[in-house]
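Before any comments, here is the structure.
The values are calculated or read from the model by the stated rules, or taken from the named source; none is laboratory data. This is a predicted model, so every value here is computed, not measured. All Cβ positions, glycine included, derive from the backbone under ideal geometry; neighbour counts span all protein chains shown.
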């Protein structure tokens, strides 16, 4: 299959090293494109939750695919996020076609683009990092439960659901946070004279024009590869939001079945620990 040529591709929030990651779908996508530049906009490897007990081969294959693209001339810029913040001390590091930055500014077709992960706007992240890390573990557990639920639903012929999306839609605070995040990013971009502001962090894929009393800017968010499986593509003077279209059949091969079994075992271990603690208290 011929690869699609694009100028810039942006992916973020892959969260390699967690149960929610979709590495095989990401590999298929990366193999289908031939970008001039690939921007990894934060939280690619989830260092917060990294465990030597859970690093499937498919997760390593993502790293190998990125290395292969780099060796073939693709310029890769790794922008640090909150889950991989340990890499921020390496800002400015360059090795071949790879560079690590905390933010990136590009100019294409006479337009200025500002790339950054977006966690700097997260008040909880700035003032209560322990709470954010706790929430990350809860989110990963929710995604694991969601996979098990969807596996059961597909077995009885029902449509898959997204538990986290339903929670976000129901909780007014979550909706307000997303709106505020987008507005703050837009206001700063307008003030600094950027035409595009490109973020990740909130797992909410989006391309939209935001107007304020001081001007307007195009706000873009690359989404994630946990739930939405999305990326941003820039070519021929325009941005497009890519959504992975292939149906994802849970546990469709031996590796994914192994991931499912590992995930289920982990979930049951957590439930058993909780039961034992509650039993002892009683």
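Scanning the stretch 179-201 for residues that are crowded, with 21+ Cβ neighbours inside 10 Å and touching a helix residue (DSSP H, G or I) at 6+ places or on another chain (Cβ under 8 Å) returns 185, 197, 199, 201. Only one entry of 24, 89 meets the criterion of being more than 13 Å from the chain's Cα centre (by Cα) and without any contact (Cβ under 8 Å) to a residue 12 or more places away in the chain, and that entry is 89.
From the list 256, 269, 227, which one is at pLDDT below 95 and farther than 30 Å from residue 78 by Cβ? Just a single option satisfies the conditions, and that option is 269.
The residue pairs whose first member lies in the stretch 102-124 and is under 16 Å from residue 40 (Cβ atoms), whose second member is modelled with pLDDT under 95 and part of a helix (DSSP H, G or I), and whose beta carbons are closer than 6 Å, counting only pairs six or more residues apart or on different chains, are 102/88; 119/125. Per the listing 28, 38, 106, 95, the residue uniquely buried (at least 20 other Cβ atoms within 10 Å of the Cβ) and either at pLDDT 95 or above or over 20 Å from residue 117 (Cα atoms) (or both) is 38.
Please go through the stretch 55-72 and give me each residue that is surrounded by fewer than 16 Cβ atoms within 10 Å (Cβ to Cβ) and under 13 Å from residue 15 (Cα atoms), ordered by number. Matches in the stretch 55-72: 55, 60, 63. Checked against (1) out of contact with any strand residue (DSSP E or B) (no Cβ under 9 Å at 6 or more places or on another chain); (2) modelled with pLDDT of 95 or more, residue 233 passes all but condition (1). Annotation note: Cβ proximity below 8 Å between a residue of the stretch 177-195 that is modelled with pLDDT under 95 and a residue that is assigned to a helix (DSSP H, G or I) (sequence gap 6+ or interchain) occurs for 178/168; 180/121; 181/121; 184/121; 185/121.
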